[in-house]
1. Using Cβ counts within 10 Å as a stand-in for footprinting exposure, how do LYS5, LYS14 rank, fewest first?
2. In which sequence would THR138, THR78 go, from the one with the fewest C-beta neighbours within 10 Å to the one with the most?
3. Please compute the alpha carbon radius of gyration of the chain, then divide it by the globular-protein estimate 2.2 N^0.38 Å. Two decimals is fine.
4. For each of TYR204, TYR87, count neighbouring Cβ atoms within 10 Å of the residue's Cβ, then give the residues from fewest to most.
5. Would you please give the FRET efficiency between LYS72 and ASN169, computed as 1/(1 + (r/R0)^6) with r the Cβ-Cβ distance and R0 = 51 Å, to the nearest 0.05?
6. Can you tell me the alpha carbon radius of gyration of the stretch 119-244 divided by the globular rule-of-thumb value 2.2 N^0.38 Å?
7. Take ALA192 and ARG147, extend 7 Å from each Cα along the Cα→Cβ direction, and tell me the distance between the two endpoints in nm.
8. Quick check: convex hull over the Cα atoms of the stretch 111-190, volume per residue in Å³, rounded to an integer?
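Here, each number is a calculation from the coordinates, and none is a lab measurement. All values reported here derive from a predicted model rather than from experimental measurement. Positions of Cβ are generated from backbone atoms using ideal geometry, with glycine treated the same way; all protein chains shown enter the neighbour counts.
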Amino acid sequence: MNIKKMLTDFKDGKIEIEDVLNHIKDYPYTDLGDVKYDHHRAIRKGFGEVVFCEGKKKEHLIGIIRHVRDRKENLFFTRVTDEQAEYLLKEEPSLIHDADSRTLFMELAPVEIVSKTAIPILAAGTSDIPVVAEVARTCEVMGHEVRRINDVGVAGIHRLLDKKSEFENARVVVAIAGMEGALPGVVAGLIAAPVIAVPTSVGYGAGLGGYAAMLTMLNSCSPGVAVVNIDNGFSAGYLAALINSDK
């Protein structure tokens with residue numbers, strides 16, 4: 001239960017003051033030992049803490065699930081391995097596993113739609129789609145509709161121009177590319193909205209696992225391009241959601 005809803009329920013007489021006090025007594029965070037879970041994140045940022053799963057023990061993840069479940073808060077996991085997903089789903093069958101984006105989502109409160117404007121996500125090639133999926137899923141759990149436009153890289157720029165009407169009036173666009181990473185700069189030169197560029201590790205040897213694409217994006221002469229880390233679909237989706245919010 002988020003703070004706003006809890007206080008509204010108290011005002012409306014649906015819950016008692018003791019329920020409010022019990023809920024907020026652990027703010028701003030709860031010490032779970034190795035894990036310090038940040039309950040205050042939703043108040044500060046508008047969205048709760050997100051759990052990055054790479055390298056985390058399954059016992060830590062289970063502990064987080066049990067704690068957040070008791071508080072009836074939503075919980076979003078990124079970079080989830082298949083093994084972690086299988087293990088966690090046994091503990092909490094209500095978790096929604098999206099294998100393409102490598103995420104899990106525990107939805108104990110309805111996701112509030114915070115924008116009437118969809119976020120276009122452009123991918124240079126189909127090899128970039130796993131990163132597209134992470135961007136999209138992040139936007140969706142934060143209350144935004146997305147519009148995926150795949151395989152519109154600069155090797156066939158007519159494909160991008162054919163889709164221009166689907167992204168030219170957006171508030172923000174996410175553009176994803178590996179290889180030489182030219183797509184975000186081209187998109188930024190066509191529209192007024194800011195473009196969040198995501199370099200991917202797709203490419204041959206001299207691509208250096210996405211560094212070549214990242215350097216291209218950082219050196220773009222098109223104004224309005226912001227670059228996140230290689231393959232970091234979560235950060236791109238989060239930033240896009242903040243920009244796109246009606247609130």
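1. Lowest to highest Cβ neighbour count: LYS14, LYS5.
2. Ordered by Cβ neighbours within 10 Å, fewest first: THR78, THR138.
3. It is 1.11.
4. TYR204, TYR87
5. So the FRET efficiency works out to roughly 0.85.
6. The value comes to 0.92.
7. Going from the ALA192 label point to the ARG147 one covers 1.6 nm.
8. Output value, Cα hull per residue: 74 Å³.
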